[in-house]
Amino acid sequence: MPLEDGDPVRQRGQQVNDEVSRARDPLLQGTPASDGSRMEAMAEGWEPGPALGDGDVMPRGASQRAGRHEEALMAELSELVQKVVKSSSWWERHGVDISILACSFLLLPAGFLCLRSAQAIPFLAGVLTLGVVHHTLTVKGSHLASHNALTESKSWGKVWAVFFIELCSAFTVEQATYNHVKIHHGYTNVIGLGDSSTWKLPFLNRYIYMFIAPLAVPIITPLVALDLLRNVEWKAALRTLCCMFLGLYCHYWLLLHVSGFQSPWSALLCMLLTRSLLAHPYIHVNIFQHIGLPMFAADRKPKRIHLMSLGVLNLPRNALLDWSFGHSLISCHVEHHLFPSLSDNMCLKIKPIVSQYLKQKKLPYNEDTYISRLQLFLQRYEELMVHAPPITELVGIQ
């Protein structure tokens, strides 16, 4: 779904910009938080919308020179990354991540059989196994599939997207791809578009949002998907409904007939438990890595390399989250936003190159710990998750 000039999303962004501009000071100087053809498409195909400048913040000539300089920086970094990708084997580009997903499938029988046990330790092992497998398929698998990072084939990419997003995750491919790939990645930290505001629930207090509300993610996800089906064609909606029903019913049937649950309610409760096992870090990671960092108006956003280096944050490596969510969502999120078509393993491989390049060019490379971000959000919850964030202006980018 390409964004045209008359697209309602872009109009919505412009309306938000106008409202915020009237409410804010004339000039707010912000700073970043402390805390082959495929590659060319990645480097060049993600710069929708106007860039910073147009004579409003700096002289027109200076703005154009700054824009050309930023484009040159992105082109130079893309060339460095392209060399690494071309020299990498299929195993490095796709095989490692496919193997992780395949191993997760192979663990499913063991998980369901462990739930047959009347003893606590095997039963808890089954819950843990199914919970980790579920999030590996629905988070890592769906994320890679939405970016077509599992295969070089577009046709197979669509098949994997339907499988992971609709069958495993109970969501809709069209809306997941549009909202995540087109909006979130195309307009990262742009107010009214990719500002991660969909994760905000201002009517909840900090402790309920951070620690209790995530348990409802398995219930909320299919309900949101059903609501979004109004925006897709009827054939796609029918396919999504069938895949969602099949995925949920298979999980329920296996708990009754393989795991030996005696009542429907106990099986449904186990479904909720396993599907929400890692819901807390899932919610936390999605807000920690963007909210609290510089936000921009759609007509004043910087070029891609500055936008992603300013508005994206990496967390430290974590064995459980790296396996279940993928490197691109945890420790290589900056790399993922700069080169979204790369797999998790390739994001990890190019991480030293990207971090060294950004630091060498004196560009931000945001990193922080999980605990530090959690403390920040608990302390500044009202500011970060309830009130509208201030717009950051980059004055005189050199």
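The values are calculated or read from the model by the stated rules, or taken from the named source; none is laboratory data. From a predicted model like this one, the values you see are computed outputs, not experimental measurements. Neighbour counts are summed over all protein chains in view; Cβ atoms, including those assigned to glycine, are modelled from backbone coordinates with ideal geometry. Ligands, DNA and RNA are stripped out before the accessible areas are found, and what is left, the full protein with its side chains, is counted by its heavy atoms. Shrake-Rupley method; radii C 1.70, N 1.55, O 1.52, S 1.80 Å.
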Exercise for review: Amide H neighbours of residue 331 under 5 Å, at least 5 residues apart or on other chains, H built in the peptide plane: list them.
Suggested key: 315
Exercise for review: Enter the accessible area of residue 309 (Å², nearest 10), with the probe set to 1.4 Å and all protein chains included.
Suggested key: 0 Å²
Review point. How big is region 70-166 in terms of Cα radius of gyration and Dmax, in angstroms?
Key: 18.3, 63
Revision key, fill the gap. Over region 285-325, with neighbouring protein chains present, the accessible area per residue in Å² at probe 1.4 Å is 22 Å²
Study note, to complete from the structure: Taking placed amide H atoms and a strict 5 Å upper bound, the residues 5 or more places from residue 367 or on another chain that come that close are 314
Practice item. Please calculate the 1.4 Å probe accessible area of residue 227, with all protein chains present, and give it to the nearest 10 Å². Key: 80 Å²
**Study point:** region 180-233 - accessible surface per residue (Å², probe 1.4 Å)
**Key:** 49 Å²
Point to revise | region 290-297 - phi-based ³J(HN,Hα) in whole Hz, Karplus 6.51/-1.76/1.60, Gly and Pro as x | key: 9, 5, x, 9, x, 10, 10, 7
Study note, to complete from the structure: In vacuo Debye sum over C-alpha of region 295-398, base-10 log of normalised intensity I(q)/I(0) at q = 0.16, 0.18, 0.20 Å⁻¹, listed in q order, is -0.83, -1.01, -1.15
Practice item. Could you work out how far the C-alpha centroid of region 239-309 sits from that of region 177-204, in angstrom? Key: 16 Å
Review point. Put 135, 180 in order of accessible area, largest first, 1.4 Å probe: what do you get?
Key: 180, 135
Point to revise | Exposure rank, largest accessible area first [230, 68, 206; 1.4 Å] | key: 230, 68, 206
Check your understanding: Label residue 87 and residue 216 with points 7 Å out from Cα along Cα→Cβ: what is the distance between them in nm?
Key -> 5.1 nm
Exercise for review: Over the alpha-carbon set of region 115-179, work out the extent along each principal axis and list the three values in angstrom, largest first.
Suggested key: 46, 22, 15
Point to revise | Proximal lysines to residue 182, defined as alpha-carbon separation beneath 23 angstrom and excluding residues fewer than eight positions away on the same chain | key: 140, 154, 158, 200, 235, 301, 303
Revision key, fill the gap. For region 166-211, shape from the Cα gyration tensor axes a ≥ b ≥ c, cut at a/c of 1.5 then a/b versus b/c, turns out oblate
Point to revise | For residue 261, solvent-accessible area (1.4 Å; no DNA, RNA or ligand), Å² | key: 30 Å²
**Study point:** Set of lysines with alpha-carbon distance to residue 83 below 21 Å, sequence-local pairs under 8 removed
**Key:** 349, 351, 359, 361
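Could you order 116, 239 so the one with the most accessible surface comes first? Probe is 1.4 Å.
116, 239
Rg/Rh for region 272-319 to two decimals, with Rh computed the Kirkwood way over all alpha-carbon pairs.
Computed over Cα atoms, the ratio is 1.14.
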